[in-house]
Amino acid sequence: MTVKNKRTSQQIGKASKQKGARFELEISHYLKDHGYPNAHRTAQHCGKTGDAGDVEGVEGLHIECKHVEKLNLYAAYHQAVRDNDANGNGNIPVVIHKRNREETLVTLSLDDFIQIYSASKNGGERGEL
């Protein structure tokens, strides 16, 4: 009979951090591959300061990344808003998130969505509700 060793909370925490870091790196590579050559993971680039997004280098966006099975989406979005407000650059806060074996999604406010969508239709000019 094989005895399975239980993972400690420290091991689980370390694995969770590594999973998040891999997802941030995956998102930065995706953005680079889609026309944003300055996209980079902030922890690699300048460390975590509390007001920086997880991925930077996409002008106009404050990006938080979450790769978890049970996401409190509103808490994640409020973190993005709070951190974005702290750095005061007026970017649009977004949360890029996914679960295992699921599609990656983006969450942002309706007002910010309509601004982005309208800009895409109006040749780059931000729209208003």
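The values are calculated or read from the model by the stated rules, or taken from the named source; none is laboratory data. Owing to the predicted nature of the structure, the values given are computational and were not obtained by experimental measurement. When we count neighbours, we look across all protein chains shown, and the Cβ atoms used for this are built from the backbone with ideal geometry, even at glycine. All accessible areas refer to the heavy atoms of the entire protein, side chains included, with ligands and DNA or RNA removed. Shrake-Rupley method; radii C 1.70, N 1.55, O 1.52, S 1.80 Å.
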> Pick from Ala86, Ala80: which is under 20 Å from Ser28 (Cα atoms) and in a helix (DSSP H, G or I)?
Replying inline: Ala80
>> The conditions are (1) acidic (Asp, Glu); (2) part of a loop (DSSP other than H, G, I, E, B); (3) at pLDDT 95 or above, and Glu59 fails exactly one of them. Which is it?
In response: (3)
>> Quick check on region 14-46: of everything there that is at pLDDT 75 or above and among the small types (Gly, Ala, Ser), which residue is surrounded by the most Cβ atoms within 10 Å (Cβ to Cβ)?
In response: Ser28
> Which of the residues that make up region 108-127 are at pLDDT below 90, open to solvent by 70 Å² or more (accessible area, probe 1.4 Å) and closer than 24 Å to Glu64 by Cα?
Replying inline: Ser120, Arg126
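Report yes if Glu64 is modelled with pLDDT of 95 or more, under 18 Å from Leu105 (Cα atoms) and either of a type in the set (A, V, I, L, M, F, W, C) or open to solvent by 80 Å² or more (accessible area, probe 1.4 Å) (or both), otherwise no. It would help to see each step written out before you state the result.
Working: modelled with pLDDT of 95 or more: yes; under 18 Å from Leu105 (Cα atoms): yes; either of a type in the set (A, V, I, L, M, F, W, C) or open to solvent by 80 Å² or more (accessible area, probe 1.4 Å) (or both): no.
Considered against the rule, which asks whether it is modelled with pLDDT of 95 or more, under 18 Å from Leu105 (Cα atoms) and either of a type in the set (A, V, I, L, M, F, W, C) or open to solvent by 80 Å² or more (accessible area, probe 1.4 Å) (or both), Glu64 comes out as no.
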> In region 72-95, what residues are modelled with pLDDT of 95 or more, farther than 18 Å from Gln115 by Cβ and hydrophobic (A, V, I, L, M, F, W, C)?
Replying inline: Leu73, Ala75, Ala76
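Just need a number here: residues in region 8-27 that are in contact (Cβ under 8 Å) with a residue 60 or more places away in the chain and either in contact with an Asp or Glu (Cβ under 8 Å, 6 or more places away or on another chain) or not in a helix (DSSP H, G or I) (or both).
Step one: list which residues in region 8-27 are in contact (Cβ under 8 Å) with a residue 60 or more places away in the chain, which gives 23, 27.
Now restrict to residues that are either in contact with an Asp or Glu (Cβ under 8 Å, 6 or more places away or on another chain) or not in a helix (DSSP H, G or I) (or both): 27.
Total satisfying the criteria: 1.
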